[in-house]
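To start, the structure itself, in structure tokens.
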Amino acid sequence: MESIKLDITKAAQFLNPGTVETYAPQVAKAQEALENGTCQGNDFLGWLHLPSETNEAFLSEIQTVADTLREKCEVVVVAGIGGSYLGARAIIEALGNSFAWLLKDEKNPTLLFAGNNIGEDYLHELTEYLKDKRFGVINISKSGTTTETALAFRLLKKQCEAQRGKDTAKEVIIAITDATKGAARKAATQEGYKTFVIPDNVGGRFSVLTPVGLLPIAVAGFDIKLLMDGARTMEKETAIDVPFEENIAARYAAVRQALYTQAGKKIEIIANFQPKLHFMAEWWKQLYGESEGKQSKGIFPAACDFTTDLHSMGQWIQEGERTIFETVLSVEEPNKKLLFPHDEENLDGLNFLEGKRVDEVNKMAELGTRLAHVDGGVPNIRVSIPKLNEYYIGQLIYFFEKACGISGIVQGVNPFNQPGVEAYKKNMFALLNKPGYEAESKAIKERL
């Protein structure tokens with residue numbers, strides 16, 4: 001099978017000749033630090049060889065639990081926030097029917113997501129929707145005390161037990177949590193839930209190829225073994241012994257850092273011309289934003305859906321401040337075929353497109369946009385994906401993870417922690433008068 005490809009020519013042209021190659025030694029050192037476990041955050045490198053170390057028996061166990069949920073539930077709610085849901089949602093949206101939630105599909109349950117916000121209207125509408133549904137819950141939380149997820153899970157647990165009885169609820173509530181500690185582990189043990197472990201050495205944003213992502217993806221009806229095969233291929237193709245010229249993760253990391261440090265490009269816009277990749281961009285934003293945004297450093301990750309956002313953000317991208325570069329996700333071959341029809345009156349003047357595939361129009365929009373943006377001073381990187389299926393999405397996931405680890409180390413930060421995330425939580429707990437936060441509560445109220 002093919003592999004995803006990287007084209008940096010329309011980005012490298014904004015740098016002095018050979019600049020990307022000058023980063024090869026730094027990239028090699030970063031790869032060595034990852035491989036040898038000598039980098040900052042080395043206690044969170046479990047994702048690095050996850051594809052090759054995950055065996056068939058473990059994937060079969062996940063599939064068995066997924067099949068139980070598929071049999072017993074018409075709706076499954078995934079409760080989690082950040083890396084605990086974004087990766088799974090990205091893959092499910094990329095591979096699924098865009099209108100799946102409207103379809104009555106007897107084979108596949110509807111997948112919904114909660115625990116990623118504190119919206120009262122959203123949660124009320126969700127619980128109302130579930131009132132007459134045979135639903136189950138996948139609760140994803142290492143600690144069990146993350147506010148957004150814990151709040152949603154408490155509501156869902158109570159409703160599931162009330163509607164389906166405690167015995168059935170035990171069969172359709174699955175906990176993905178810490179191996180031994182935390183509120184979620186304690187609750188799962190007390191209630192008798194089936195559990196999977198979030199490995200201690202895998203951070204949330206790198207966890208999509210653990211049960212965190214694999215179980216929801218399997219419940220949605222997708223082939224997790226093929227997904228891991230793709231990731232395993234990319235693990236080999238980006239290994240430390242692969243030459244810099246052939247290693248797409250190394251080259252992506254290098255050109256990003258070169259544009260950032262040498263050309264003053266502070267913002268990376270990930271763009272796609274395939275609506276199914278919207279949540280892939282959301283996952284990517286967390287992966288790179290949380291990994292690199294530290295010590296007053298870091299490329300700001302943004303995302304646009306094209307051609308849609310060309311009618312809203314296109315002007316700024318074309319002629320705004322020249323601090324941006326683009327990474328375009330391009331799908332080479334759609335899974336479906338649709339031809340543009342003839343119209344007798346031709347009032348829209350589009351009969352010249354008669355008989356062409358819609359994707360041909362889309363591809364020319366993509367090429368025209370890339371050329372226009374390059375002419376407007378926007379460096380352009382292209383990641384091409386042969387097709388949207390499990391194998392190539394697995395490759396894409398691992399490619400971005402590997403490049404992210406390399407890029408963060410080259411930048412000089414710890415790519416695997418997120419100390420800044422705790423700041424808002426401390427203020428929120430103080431304002432809510434959480435026990436143990438009395439001093440913080442008093443201090444913050446004096447500021448208001």
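Can you work out which of the residues in region 159-206 that are assigned to a loop (DSSP other than H, G, I, E, B) and either acidic (Asp, Glu) or not assigned by the TED database to the domain that holds residue 116 (or both) is most open to solvent (accessible area, probe 1.4 Å)?
Going through the qualifying residues, I end up with 200.
Return yes when residue 144 is closer than 30 Å to residue 48 by Cβ, at pLDDT below 95, crowded, with 20+ Cβ neighbours inside 10 Å and in the same structural domain as residue 53 (by the TED database) and no when it is not.
yes
Among the residues of region 84-141, write down those that are assigned to a helix (DSSP H, G or I), touching a strand residue (DSSP E or B) at 6+ places or on another chain (Cβ under 9 Å) and either outside the structural domain of residue 166 (by the TED database) or over 28 Å from residue 180 (Cα atoms) (or both).
Answer for region 84-141, where residues must be assigned to a helix (DSSP H, G or I), touching a strand residue (DSSP E or B) at 6+ places or on another chain (Cβ under 9 Å) and either outside the structural domain of residue 166 (by the TED database) or over 28 Å from residue 180 (Cα atoms) (or both): 92, 100, 101, 122, 123, 126, 129, 130.
Pick from region 219-275 the residues that are within 21 Å of the chain's Cα centre (by Cα) and of a type in the set (Phe, Trp, Tyr): which of them is most open to solvent (accessible area, probe 1.4 Å)?
Here the residue is 222.
With (1) touching a helix residue (DSSP H, G or I) at 6+ places or on another chain (Cβ under 9 Å); (2) part of a helix (DSSP H, G or I) as the list, and residue 294 as the residue in question, which single condition is left unmet?
Here residue 294 clears every test but (2).
For region 315-357, how many residues are open to solvent by less than 70 Å² (accessible area, probe 1.4 Å), part of a helix (DSSP H, G or I) and free of Cβ contacts under 8 Å to residues at least 24 places away in the same chain?
The number of residues fulfilling the criteria is 2.
Does region 2-41 hold any residues that are open to solvent by 30 Å² or more (accessible area, probe 1.4 Å), in a loop (DSSP other than H, G, I, E, B) and on the phi < 0 side of the Ramachandran plot, and which are they?
Selection gives 2, 13, 14, 16, 17, 38, 40.
Suppose we filter 394, 412, 408 for residues that are open to solvent by less than 10 Å² (accessible area, probe 1.4 Å) and within 22 Å of residue 21 (Cα to Cα); which single one remains?
Only one candidate passes the filter, namely 408.
Here are 72, 104: which of them is more than 22 Å from residue 393 (Cα to Cα), at pLDDT 95 or above and open to solvent by 20 Å² or more (accessible area, probe 1.4 Å)?
Sole residue among the options that is more than 22 Å from residue 393 (Cα to Cα), at pLDDT 95 or above and open to solvent by 20 Å² or more (accessible area, probe 1.4 Å): 72.
The values are calculated or read from the model by the stated rules, or taken from the named source; none is laboratory data. Since the model is a prediction, treat every value here as computed from it, not as a measurement. For neighbour counting, all protein chains shown are included, and Cβ atoms are generated from backbone atoms with ideal geometry for every residue, glycine included. What goes into the accessible areas is simple: the full protein's heavy atoms, side chains included, and nothing from ligands, DNA or RNA. Shrake-Rupley method; radii C 1.70, N 1.55, O 1.52, S 1.80 Å.
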